[in-house]
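Engineer: Handing you a structure now.
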Amino acid sequence: MIFMTTYKLKPFLSKDERRTLLDVFGKVGVPAGTTAHYVAADGSHGVAILEANDLDAAYANLQNYLEWIEYDTKPMLTIEQALPHITAALS
């Protein structure tokens, strides 16, 4: 199954908080099965596409970032089903 996660940085993050977020991302990285990660030009939000058979696996990696982001994850049957949502999330 494909999971599409849209996320945005929580408002009013300081430069230090953003730096910490990037440090955590650098250490933890993306979960296995990540097929795409799109980030808006200003870096304030993005979309990640994950292919996994286990819903828990799709959420496990996000737990590392809850201090800095708000997110919504939706299951999709195909990447074609996700494309309109990706376009809308990044516009």
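Engineer: If residue 71 satisfies all but one of (1) out of contact with any Ser or Thr (no Cβ under 6 Å at 6 or more places or on another chain); (2) at pLDDT 90 or above, what's the number of the condition it fails?
Structural biologist: (1)
Engineer: Sticking with this structure for a sec: How many residues does region 42-61 hold that are at pLDDT below 85 and of a type in the set (A, V, I, L, M, F, W, C)?
Structural biologist: Summing the residues that are at pLDDT below 85 and of a type in the set (A, V, I, L, M, F, W, C) in region 42-61 gives 5.
Engineer: Residues of region 74-91 being within 19 Å of residue 8 (Cβ to Cβ) and either modelled with pLDDT of 90 or more or surrounded by 13 or more Cβ atoms within 10 Å (Cβ to Cβ) (or both), which ones?
Structural biologist: 82, 85, 86, 89, 90
Matching residues to (1) out of contact with any Leu (no Cβ under 6 Å at 6 or more places or on another chain); (2) among the polar types (S, T, N, Q); (3) without any contact (Cβ under 8 Å) to a residue 60 or more places away in the chain:
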position	(1), (2), (3)
3	no, no, no
16	yes, no, yes
24	yes, no, yes
37	yes, no, yes
42	yes, no, yes
63	yes, yes, yes
67	yes, no, yes
75	yes, no, no
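Engineer: State all residues of region 41-51 that are open to solvent by less than 80 Å² (accessible area, probe 1.4 Å) and in contact with a Ser or Thr (Cβ under 9 Å, 6 or more places away or on another chain); if no residue qualifies, say none.
Structural biologist: Once the filter is applied, which keeps residues that are open to solvent by less than 80 Å² (accessible area, probe 1.4 Å) and in contact with a Ser or Thr (Cβ under 9 Å, 6 or more places away or on another chain), region 41-51 yields 45, 46, 47, 48, 49, 50.
Engineer: Another question about this same structure. Residue 35 fails exactly one of the following numbered conditions: (1) open to solvent by 40 Å² or more (accessible area, probe 1.4 Å); (2) β-branched (Val, Ile, Thr); (3) within 22 Å of residue 1 (Cβ to Cβ); (4) not in a strand (DSSP E or B). What is the number of that condition?
Structural biologist: Condition (4) is where residue 35 drops out.
The values are calculated or read from the model by the stated rules, or taken from the named source; none is laboratory data. None of the values given here were measured: they were computed from a predicted structure. As a convention, Cβ positions derive from the backbone with ideal geometry for all residues, glycine included, and neighbour counts pool all protein chains shown. Surface accessibility is based on the protein's heavy atoms, side chains included, excluding ligands, DNA and RNA. Shrake-Rupley method; radii C 1.70, N 1.55, O 1.52, S 1.80 Å.
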